[in-house]
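Notes follow the structure.
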Amino acid sequence: MKKELDAIFKSRSVAVIGATGRKGSIGRETLHNILLAEFNGKVFPVNPKAQVIHSIKAYSTILDVPDSVDLAIIIVPKEHVVGVVRQCGEKGVKGIVVITAGFSETGKEGEKREKEVLKVVQEYDMRMIGPNCFGIVNTDPKVNLNATFGKTYPKQGRIGFITQSGAMGEAIMNTAKELGIGFSVVASIGNKADISSNDILEYFKDDPNTDIILMYLENFGNPKKFTQIAREISYKKPIVVVKSGRTSLGAKAASSHTGALAGLDVGVDALFDQTGVMRVDTVEELFDVASALANQPVPKGNKVCVVTNAGGPGILATDALINNGMEMPSFSPSTVKTLKKFISAEASFSNPMDMVAGAGAKEFKLTLEAVLKDKRYDTIIPIFVPPVTINQLEVAKNIYEAVKDTKKTILACFMGAGFSSEGISYLKEHNIPVYIFPEAIAKTLETLAKYNNWLKKPKGKFRNFKVDTAKVSAIVAKAKAEKLDAIIGDDAIEILQAYGIQAAGYQYASSANEAATISSQLGFPVVMKINTPQILHKTEFGAVKVDLRTESEVKKTYNDLKNKIAKHYPNEEFSVSIQEMITGGIETVIGMTIDPTFGPLVMFGLGGIYVEIMKDVSFKINPLTDVQSKEMIRSLKSYPLLTGFRGADPVDLKTLDETLLRVSQLVKDFEDFVEIDINPFIVSPSKDNCKAVDARFILKK
């Protein structure tokens, strides 16, 4: 991959096919940008209607170019792209970038055209970026390639940037330059017909000039490959992504079933969480995080100190930091003693440290020097609100002098200073990120903390339990032979038991007297359910009756349910299932649904109102490691209920964890299911009382 993409990103000769001298055209601007960046290689304009373009000899076709060509930038009408690509292959070109649009993004005709282009690319062993892309950039002084039609050549830096949107690519490059953020390589990949974001990620992995990777994504081509590459890279180089199309249908779903709870974006969040990728919601947040990563070390922990000359911003910062999971310990006694030597007695010697309005450059320097020695903090945030009487540049210089040798993370905030502030410019030039509002710093630190926690946690192992796959295969085969849409009832319970998942078994009754006898044998209280395969959602139908405590209550319930079912299914043979009632535990929900992009997603949540109303659930892409199963349980907001809330006994978390892993193995072993719902799975302090009460398996059609 490195050798193949070097021909594109580190080419020594470039042909611009479709170059023109007409101002404002893509052909002219692309050639102009290559020359303006002072490309360290040969440039060949190709246009059959021109002899000279931009004072450079032009050629009718690429076949007329006398030298070898590494890279061809193609900017010709879509109808001519296939022929031009073939000429590139005949010429021996190694890489091509097709800027021309009008391919798969436009519909079936365009898709057909794109396949024809790709076929030629593969025929000649070339590699292609695009079509329908913005172009590429490499700021390495040994290359200096700006093969885009944008107005900005980015500042040199150590950030690799991948974008699926050309317009977003240009906007991000423009903003980055204003913020002083530099790039190593920029790749606009367009339709990803050949080279995908995964390919460029892999290229960045070994690129010595790239330390940080930013991505703007609209979709995933091969999420499994992304998972493998991103997880490996994240341990060495941080990846920050803006993913568009963030729609949480799960929050709107009225149902508690796994498929309804899994919104369009659940799989994306699960993928990023499992690979250490930092997801941000906006392009603004992308820059906030990138600025911190490019200039400061990742904080070792979440303990923060705020130093400010204004009380209001200190309070704002505190609220934002705490709400984003940060901690703000008080100063050590020795720090307070040091501060009192030079700070006014009117100041509050607490965190946040408000030095009051009269504090200037000297006070910032001395205070920062004092708190930097305090081992309680991982990150220091100087917040400066510039009064008229204080020189901003002097404050900035003193902040830098105080922190320049520290290994702690420094993120500054200059409120109301304006983007043209000399102080802000000075700090940025000295690798101290500056934010306009403290809330942005808090959100950035939350993102970095998640990444740091991911780096620290063990990778985990996949467990493989001894199970009865033959039994499950037989149940599935029988259901398919009977052309059933779902496996429910006793068969569903048997599937769970075949995989070592504890479940409360059923006994069936076809009369009120038989139901009463079975109930007495099981021991009261019991649960009665209508045994009708057509009714998948029994609770919603009112087909489940719980806490039946006497034989007479069982008989009456049986007759009531029989009359009810007769109204809806008059020709259905009526029977019920009787089940022991599991008491003294907490209801949870375990399930699986198929995401069209990411495959099986395993779900866990607490039952009752926690899933119906609060949607307090966790999803992960299958299969699960033993670390991920524990994370699913602990990530719930309602997790404290499982650990012994307000004097209650904690549930058997070990059995719950093992149950999730067994479900994961079941999902991996059988691709016959599109959805699984184990609802409820009761967890109790006693292992013997941790059991699935009901389950259903929806089969692939």
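Across the stretch 554-591, which residue is nearest to Ser684 (Cα to Cα) among those that are out of contact with any strand residue (DSSP E or B) (no Cβ under 7 Å at 6 or more places or on another chain) and polar (S, T, N, Q)? Spell out how you get there, then give the answer.
So in the stretch 554-591, the residues out of contact with any strand residue (DSSP E or B) (no Cβ under 7 Å at 6 or more places or on another chain) come out as 555-556, 559-560, 562-564, 566-574, 583-584.
Those left that are additionally polar (S, T, N, Q): 559, 563, 571, 583.
On the way: Asn559: 33, Asn563: 36, Asn571: 41, Thr583: 9 Å.
For the stretch 554-591, the residue satisfying everything is Thr583.
Tell me the strands (runs of 3 or more DSSP E) entirely within the stretch 115-170 that contain at least 1 residues that are basic (Lys, Arg) and in contact with a strand residue (DSSP E or B) (Cβ under 9 Å, 6 or more places away or on another chain).
Details: elements: 127-129, 135-138, 145-148, 156-163.
Those strands (runs of 3 or more DSSP E) span 127-129, 156-163.
Checking Lys630 against (1) at pLDDT 95 or above; (2) buried (at least 23 other Cβ atoms within 10 Å of the Cβ), which single condition isn't satisfied?
In the conditions (1) at pLDDT 95 or above; (2) buried (at least 23 other Cβ atoms within 10 Å of the Cβ), Lys630 misses (2) alone.
If the requirement is being in contact with a strand residue (DSSP E or B) (Cβ under 8 Å, 6 or more places away or on another chain), assigned to a helix (DSSP H, G or I) and under 22 Å from Ala187 (Cβ atoms), which of these qualifies: Val16, Val85? Before the answer, list the steps.
Details: Val16 fails: assigned to a helix (DSSP H, G or I).
Of Val16, Val85, the one residue that is in contact with a strand residue (DSSP E or B) (Cβ under 8 Å, 6 or more places away or on another chain), assigned to a helix (DSSP H, G or I) and under 22 Å from Ala187 (Cβ atoms) is Val85.
Determine, yes or no, whether Val82 is within 24 Å of Glu105 (Cα to Cα) and of a type in the set (A, V, I, L, M, F, W, C). It would help to see each step written out before you state the result.
Details: within 24 Å of Glu105 (Cα to Cα): yes; of a type in the set (A, V, I, L, M, F, W, C): yes.
Spelling it out, Val82 is indeed within 24 Å of Glu105 (Cα to Cα) and of a type in the set (A, V, I, L, M, F, W, C).
Suppose we filter the stretch 88-112 for residues that are within 30 Å of the chain's Cα centre (by Cα) and either farther than 18 Å from Gln164 by Cβ or part of a helix (DSSP H, G or I) (or both); how many remain? Walk me through it before giving the result.
Taking the stretch 88-112 as the starting set, the residues that turn out to be within 30 Å of the chain's Cα centre (by Cα) are 97-99, 101, 103-107, 111.
Next cut, either farther than 18 Å from Gln164 by Cβ or part of a helix (DSSP H, G or I) (or both) only: 104-107, 111.
Total satisfying the criteria: 5.
Kindly provide the set of residues from the stretch 519-549 that are modelled with pLDDT under 90, in contact with a helix residue (DSSP H, G or I) (Cβ under 8 Å, 6 or more places away or on another chain) and of a type in the set (S, T, N, Q), ordered by number.
Listed by number, the residues that qualify are Asn531, Thr532.
Being in contact (Cβ under 8 Å) with a residue 60 or more places away in the chain, closer than 26 Å to Lys457 by Cα, part of a helix (DSSP H, G or I) and not charged (D, E, K, R) is the filter here; which residues of the stretch 575-633 pass it?
Val627, Gln628
It is to be established whether one or more residues within the stretch 187-206 are β-branched (Val, Ile, Thr) and either under 29 Å from Leu427 (Cα atoms) or modelled with pLDDT under 90 (or both).
Looking only at the stretch 187-206, we keep the residues that are β-branched (Val, Ile, Thr), and these are 189, 195, 200.
Within this subset, residues satisfying the condition of being either under 29 Å from Leu427 (Cα atoms) or modelled with pLDDT under 90 (or both) are none.
For the stretch 187-206, residues β-branched (Val, Ile, Thr) and either under 29 Å from Leu427 (Cα atoms) or modelled with pLDDT under 90 (or both): absent.
I'm checking my understanding of the structure. Among residues of the stretch 478-502 that are in contact with a Pro (Cβ under 8 Å, 6 or more places away or on another chain) and small (Gly, Ala, Ser), which one is modelled with the highest pLDDT? Walk me through how you get there before you give the answer.
The initial filter retains those residues of the stretch 478-502 that are in contact with a Pro (Cβ under 8 Å, 6 or more places away or on another chain), namely 484, 486, 488-489.
When the remaining residues are screened for being small (Gly, Ala, Ser), the result is 486, 489.
On the way: Ala486: 93, Gly489: 83.
That would be Ala486.
What are the residue pairs meeting all of these: first residue in the stretch 106-129, first residue outside the structural domain of Ile74 (by TED's automatic domain parsing), second residue of a type in the set (S, T, N, Q), Cβ atoms under 9 Å, and 6 or more apart or on different chains?
Listed pairs, sorted by first residue: none to list.
Can you go through Ala37, Ala50, Ala15, Ala7 and tell me which one is buried (at least 23 other Cβ atoms within 10 Å of the Cβ) and either of a type in the set (S, T, N, Q) or assigned by TED's automatic domain parsing to the domain that holds Ile195 (or both)? Break it down into steps so the answer makes sense when it comes.
Values: Ala37 fails: buried (at least 23 other Cβ atoms within 10 Å of the Cβ); Ala50 fails: buried (at least 23 other Cβ atoms within 10 Å of the Cβ); Ala7 fails: buried (at least 23 other Cβ atoms within 10 Å of the Cβ).
Of the residues listed, the single one that is buried (at least 23 other Cβ atoms within 10 Å of the Cβ) and either of a type in the set (S, T, N, Q) or assigned by TED's automatic domain parsing to the domain that holds Ile195 (or both) is Ala15.
Test Ile565 against the stated conditions and say whether it is assigned by TED's automatic domain parsing to the domain that holds Leu666, surrounded by 15 or more Cβ atoms within 10 Å (Cβ to Cβ) and out of contact with any Asp or Glu (no Cβ under 6 Å at 6 or more places or on another chain).
Working: assigned by TED's automatic domain parsing to the domain that holds Leu666: no; surrounded by 15 or more Cβ atoms within 10 Å (Cβ to Cβ): yes; out of contact with any Asp or Glu (no Cβ under 6 Å at 6 or more places or on another chain): yes.
Spelling it out, it is not the case that Ile565 is assigned by TED's automatic domain parsing to the domain that holds Leu666, surrounded by 15 or more Cβ atoms within 10 Å (Cβ to Cβ) and out of contact with any Asp or Glu (no Cβ under 6 Å at 6 or more places or on another chain).
Can you tell me which residue is surrounded by the fewest Cβ atoms within 10 Å (Cβ to Cβ) among those in the stretch 309-362 that are under 23 Å from Pro386 (Cβ atoms) and among the polar types (S, T, N, Q)?
Quick first cut of the stretch 309-362, residues under 23 Å from Pro386 (Cβ atoms) only: 309-321, 339, 342-344, 346-348, 351-362.
Keeping just the survivors that are among the polar types (S, T, N, Q) gives 309, 318, 344, 348, 351.
Values: Asn309: 26, Thr318: 18, Ser344: 11, Ser348: 13, Asn351: 23.
Only one residue fits best here, namely Ser344.
Could you please tell me which pairs satisfy a Cβ distance under 7 Å, a separation of 6+ or placement on different chains, a first residue in the stretch 314-329 that is more than 16 Å from Ser348 (Cα to Cα), and a second residue that is among the polar types (S, T, N, Q) and modelled with pLDDT of 95 or more?
Every condition considered, the pairs that remain are Gly325/Asn302; Met326/Asn302; Glu327/Asn302.
Name the single residue that is modelled with the highest pLDDT among those in the stretch 171-186 being farther than 17 Å from Ala147 by Cβ and outside any helix (DSSP H, G or I).
Within the stretch 171-186, the match that is modelled with the highest pLDDT is Gly182.
Quick check on my filter: what residues within the stretch 426-450 are touching a residue at least 24 places away in the same chain (Cβ under 8 Å) and over 21 Å from the mean Cα position of the chain (by Cα)?
Going through the stretch 426-450, the residues touching a residue at least 24 places away in the same chain (Cβ under 8 Å) turn out to be 426-433, 435, 437-450.
Once the filter is applied, which keeps residues that are touching a residue at least 24 places away in the same chain (Cβ under 8 Å) and over 21 Å from the mean Cα position of the chain (by Cα), the stretch 426-450 yields Tyr426, Leu427, Lys428, Glu429, His430, Asn431, Ile432, Pro433, Tyr435, Phe437, Pro438, Glu439.
Take the stretch 395-414 and flag every residue that is hydroxyl-bearing (Ser, Thr, Tyr) and outside any helix (DSSP H, G or I). If you could, list the steps in order and put the result at the bottom.
Taking the stretch 395-414 first, the residues hydroxyl-bearing (Ser, Thr, Tyr) are 400, 406, 409.
Listed by number, the residues that qualify are Thr406, Thr409.
Here is a list: Met353, Met415. Which entry is touching a residue at least 40 places away in the same chain (Cβ under 8 Å) and within 22 Å of Leu293 (Cα to Cα)? Let's see the steps before the verdict.
Values: Met353 fails: within 22 Å of Leu293 (Cα to Cα).
Residue meeting the stated conditions: Met415.
Could you list all residues from the stretch 337-362 that are touching a helix residue (DSSP H, G or I) at 6+ places or on another chain (Cβ under 9 Å) and either outside the structural domain of Thr406 (by TED's automatic domain parsing) or not in a loop (DSSP other than H, G, I, E, B) (or both)?
Thr338, Leu339, Ser348, Met353, Asp354, Ala361, Lys362
Those residues that are within 45 Å of the chain's Cα centre (by Cα) and buried (at least 17 other Cβ atoms within 10 Å of the Cβ), I need them from the stretch 62-73; list them, please. Can you show your working first?
Within the stretch 62-73, the subset within 45 Å of the chain's Cα centre (by Cα) is 62, 68-73.
Scanning the stretch 62-73 gives Ile62, Val69, Asp70, Leu71, Ala72, Ile73.
The values are calculated or read from the model by the stated rules, or taken from the named source; none is laboratory data. As the structure is a computational prediction, the values presented were derived from the model and not from experiment. Virtual Cβ from ideal backbone geometry, glycine too; neighbours counted across all protein chains shown.
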